[in-house]
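Undergrad: Supplied in structure tokens, the structure appears directly below.
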Amino acid sequence: MSKLLTPIDKNGLKLKNRVAMAPLTRCRAGEDDVPQPMSELYYAQRASAGLIITEATNITPKSCAFEKAPGIYSAAQVQAWKKISDKTHAAGGTLFMQLWHCGRVGSDAVLNGNAPLSPSGINDDLHSLIVYGLMANGRYAQITATPSKEMTIQEIEETISDYAHATENALAAGLDGVEIHAANGYLIHQFLSPTTNQRTDDFGGTLPKRLEFLKRVIEAVLSKAPKSKVGIRISPFAAYNNTRDPNPEETYVAVAKLVEEFGLAYMHLADTNAWAGAPDMEKILNIVKPNYSGCLIGNGGIEPDQAINMVESGQVDIVAFGRAFIANPDLAIRIAQGGPYNEARYVGWYGGDEEGYTDYPSL
């Protein structure tokens, strides 16, 4: 049996296999961003994964890059997520929630007329930011980002508290842990980059000050959850959402050392550029592995055969699959027998009903 399909017990993370489901934004929440009942089936179908990381989940109504993404800040949302976690656990799954604040990646059209929040109000590249909205005709489409406003110290403190509250809510909803979303050009990633963070206070300027927001977020999350229940996702070289860090090697060596200091359960390495044919995984591993001793999750256009080799060779401990899990709810079982694999259809990728969401066949 491939090591990919064997259990792992490392850094407090105990999983039945090393196949993870990557966070997949599917945009099917209902009114007030409450998950709908069809999501209970969606996650339970995919319980063959050793670890399911939920779709990016907003920690506050002040965050929204994709309309109809779910939240974890209200009692109704907690109740809906509890039903999802119960169904997933009954099917044998383990579920971590990805905690999301989009920062400057947003639009006043989906934020009730409010400007998106950001470290420094950098708005020279709105055309590069990926924002989606639900049209009146029921279609889901990319819309234009609108200018963000620089966060006040009070807004930064409130946001840090939002991470703690979201963690508390996720655990109350029965999830097994949380993943801090520090990748893909969203708020934490924005604070790390000197291009999008041009503050001159304690949260910007030098690298240690640009790390301060992440440090405070980790402390807030750990005030509500043990480190064995907390992971983090990073994408040092991502072009997505245009953070434009001029020296990602320096930044993410420091990030890896910070995560090691806190002893978080895992680092989820998102090779976002791999989808554009320019993989960076080797560079990411060269940054992280010398500075972090916990579980490493590799992600980004990785095929099953490649995943087997990555785990067997010790490059990573776990591999997270995204699109393959959209199309193959029983992906870990299919990997175990060498396929066959369903092909993902673009229908229902974002928004919609059960079509393209829960209608892919299992073996």
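What follows draws every value from the coordinates through simple rules; no lab data is involved. Note that the structure is predicted; figures quoted are calculated from it, not measured. Reconstructed Cβ throughout: ideal geometry from the backbone, glycine too, with neighbour counts over all protein chains shown.
Undergrad: Within a 10 angstrom radius of the beta carbon, how do ILE333, ILE234 rank from fewest other beta carbons to most?
TA: So the residues, fewest neighbours to most, are ILE333, ILE234.
Undergrad: Show that you can apply the helix-only estimate: for the chain, add -39,500 (n - 2.57) for every DSSP H stretch of four or more residues, divide by all residues, and state [θ] at 222 nm to the nearest 500. Please list the in-between numbers first.
TA: Numbers: 11 runs with 108 residues, N = 363.
That calculation yields -8500 deg cm²/dmol at 222 nm.
Undergrad: Along the charge dipole of the stretch 3-336, Cβ charges K/R +1 and D/E -1, which of GLN154, GLY205, MET267 sits furthest on the positive end?
TA: Farthest along the dipole direction, towards plus: MET267.
Undergrad: If I take R0 = 45 Å and measure r between the Cβ atoms of ASN286 and TYR346 in this structure, what FRET efficiency does the formula 1/(1 + (r/R0)^6) give, to the nearest 0.05?
TA: Numbers: r = 35 Å, r/R0 = 0.77.
It comes to 0.85.
Undergrad: Considering only the chain, what is the antiparallel percent among its DSSP beta bridges, to the nearest 5? Display every interim value, and only then the final one.
TA: Details: 7 of 40 bridges.
Of the beta bridges lying entirely in the chain, close to 20 percent run antiparallel.
Undergrad: Here's a follow-up. Under the 0.36 nm per residue contour assumption, what length would be gained going from the current alpha-carbon distance of ASN247 and ASP86 to full extension? Intermediate results must be reported in sequence, preceding the final value.
TA: Numbers: separation 161, 0.36 × 161 = 57.96 nm, distance 4.32 nm.
Result for the pair: 53.6 nm of gain on full extension.
Undergrad: Sum up the charges of everything whose Cβ sits under 9 Å from the Cβ of PRO23, counting Lys and Arg as +1 and Asp and Glu as -1, but leave PRO23 out.
TA: On the way: positive: ARG233; negative: GLU55, GLU179.
Neighbour charge sum, excluding PRO23 itself: -1.
Undergrad: Now for a separate question. Please give the contour-minus-distance gain from LYS10 to MET38: 0.36 nm per residue of separation, less the Cα-Cα distance, rounded to one decimal in nm. Mind showing how you got there, number by number?
TA: Working: separation 28, 0.36 × 28 = 10.08 nm, distance 3.31 nm.
Taking 0.36 nm per residue and subtracting the Cα distance, the gain is 6.8 nm.
Undergrad: Can you work out the FRET efficiency for the pair SER161 and ARG323, with r the C-beta to C-beta distance and R0 = 41 Å, to the nearest 0.05? Before the final figure, lay out the partial values.
TA: On the way: r = 35 Å, r/R0 = 0.85.
It comes to 0.75.
Undergrad: Would you mind ranking GLU219, GLU343 so that the residue whose beta carbon has the fewest other beta carbons within 10 Å leads the list?
TA: Numbers: GLU219 13, GLU343 9.
By the 10 Å Cβ count, ascending, the order reads GLU343, GLU219.
Undergrad: Would you mind classifying the stretch 126-282 by shape? Square roots of the alpha carbon gyration tensor eigenvalues, ordered a ≥ b ≥ c; an a/c under 1.5 is rounded, otherwise it is prolate if a/b is larger than b/c and oblate if not.
TA: In terms of gyration-tensor shape, rounded.
Undergrad: Between SER74 and ILE130, how many nm apart are label points set 7 Å from Cα along the C-beta direction?
TA: Between SER74 and ILE130, the label points sit 2.7 nm apart.
Undergrad: In the structure shown, do any of LYS229/LYS257; LYS224/LYS257; LYS62/LYS257; LYS82/LYS227 have a Cα-Cα gap over 24 Å, and if so which? List each step's numbers first, then the result.
TA: Working: LYS229/LYS257 19 Å; LYS224/LYS257 22 Å; LYS62/LYS257 30 Å; LYS82/LYS227 22 Å.
Check vs 24 Å cut-off fails for LYS62/LYS257.
Undergrad: Could I ask something else about it? Sequence gap at least 6, Cα distance under 8 Å: using those rules, report the relative contact order of the chain to the nearest whole percent.
TA: 19
Undergrad: Expressed as a whole number of Å, what is the distance separating the alpha-carbon centroids of the stretch 176-241 and the stretch 1-40?
TA: If we compute the Cα centre of each part, the gap is 22 Å.
Undergrad: Say the dipole of the chain comes from +1 at the beta carbon of Lys and Arg and -1 at that of Asp and Glu; which of LEU117, VAL78, PRO248 then lies farthest toward its positive end?
TA: VAL78
Undergrad: Charges only on Cβ, +1 for Lys and Arg, -1 for Asp and Glu: so what's the dipole of the chain about the Cα centre, in debye to the nearest 20?
TA: Rounded to the nearest 20 debye, it is 560 debye.
Undergrad: Could you list TRP275, TRP100 so that the one with the fewest beta carbons within 10 Å of its beta carbon is first and the one with the most is last? It would help to have the intermediate numbers written out before the result.
TA: Working: TRP275 13, TRP100 32.
Sorted ascending by nearby Cβ count, the order is TRP275, TRP100.
Undergrad: Ok, one more. Using mean Cβ contacts within 10 Å as the protection proxy, how do 204-212, 134-142 order, highest first? If you can, show how the numbers build up before the last one.
TA: On the way: 204-212: 16.1, 134-142: 11.0.
Descending mean neighbour count gives 204-212, 134-142.
Undergrad: Taking the Cβ of ARG345 as the centre, find all other residues whose Cβ is under 11 Å away and add up their charges (Lys, Arg: +1; Asp, Glu: -1). Write down the numbers at each step before the final one.
TA: Working: positive: ARG323; negative: GLU343, GLU355, ASP359.
So the environment of ARG345 carries a net charge of -2.
Undergrad: Give or take rounding to whole Å, what are the principal axis extents of the alpha carbon atoms in the stretch 3-336, in descending order?
TA: Between the extreme Cα coordinates on each principal axis of the stretch 3-336 lie 50, 46, 39 Å.
Undergrad: Compute the separation of the alpha-carbon centres of the stretch 312-346 and the stretch 257-287 and state it in Å as a whole number.
TA: 19
Undergrad: For ASN137 paired with THR206, estimate the spin-label separation in nm (one decimal), with each label point 7 Å from Cα along the Cα-to-Cβ line.
TA: 5.6
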